[in-house]
Amino acid sequence: MDLTRREFVLAAAVAAASRPQRLLAMAGADVLVVQFSDAGERQGSMRVPKVIKAEADWRKQLSPLAFHITREAGTERAFTGAYWNVHDKGLFRCICCDTALFSSAAKFDSGTGWPSFWQPIAEENVHHGKPSGGYTESEVTCIRCDAHLGDLFDDGPRPTGLRYCIDSVALRFVKS
């Protein structure tokens, strides 16, 4: 089937309108990310390109479980992830784009079976809504690649009272 130029442009516009975030990213949108060394040292903020890949490219890069969780907003079973019981000092990065997300200094044992943090290493590096009312949750995503990381709850410890409940498979741990 041959499409006319007009039909092609119309089809592309309809597809783009159904995914406005992707249209913005494809248009060259940059995001502000706070950079960190693997030792957890803050290196400053910089504008970097949004990471956008085709589904087939994500599938090549990620394990089937990592793809399901980060690209399809799935979750791993409690107490099965690699990092729920890790207590080493280090930095947790996004498995999809390597953005620094959490420091082990903010990790705590929530008893839930998932790695839990009371704050991200930099608020600029994650996106989430505001939970309210005890166990009401809000999705947490990576600001640079839109990877689903887990959920945010308002039943965490001081000083923030928040619990970032994150899937291990969405992370890469760098021991320092």
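The values are calculated or read from the model by the stated rules, or taken from the named source; none is laboratory data. These numbers were taken from a predicted model, which means no experiment stands behind them. Note that we place each Cβ from the backbone using ideal geometry, even for glycine, and neighbour counts take in every protein chain shown.
Take the conditions touching an Asp or Glu at 6+ places or on another chain (Cβ under 7 Å) and either surrounded by 13 or more Cβ atoms within 10 Å (Cβ to Cβ) or not aromatic (Phe, Trp, Tyr) (or both) and apply them to residue 124. Does it pass?
no
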Run residue 54 past the list (1) at negative phi; (2) modelled with pLDDT under 95 and report the number of the one that doesn't hold. (2)
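Any residue at all in region 49-59 that's out of contact with any Lys or Arg (no Cβ under 8 Å at 6 or more places or on another chain), of a type outside the set (A, V, I, L, M), part of a loop (DSSP other than H, G, I, E, B) and more than 24 Å from residue 30 (Cβ to Cβ)?
No; the residues of region 49-59 include none that is out of contact with any Lys or Arg (no Cβ under 8 Å at 6 or more places or on another chain), of a type outside the set (A, V, I, L, M), part of a loop (DSSP other than H, G, I, E, B) and more than 24 Å from residue 30 (Cβ to Cβ).
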Those strands (runs of 3 or more DSSP E) lying entirely in region 70-141 with at least 3 residues under 16 Å from residue 169 (Cα atoms) and modelled with pLDDT of 95 or more: 90-94, 100-103
Could you check region 66-107 and list, in sequence order, the residues that are more than 18 Å from residue 139 (Cβ to Cβ) and either buried (at least 16 other Cβ atoms within 10 Å of the Cβ) or under 16 Å from the mean Cα position of the chain (by Cα) (or both)? 83, 84, 86, 90, 91, 93, 98, 100, 103, 104, 106, 107
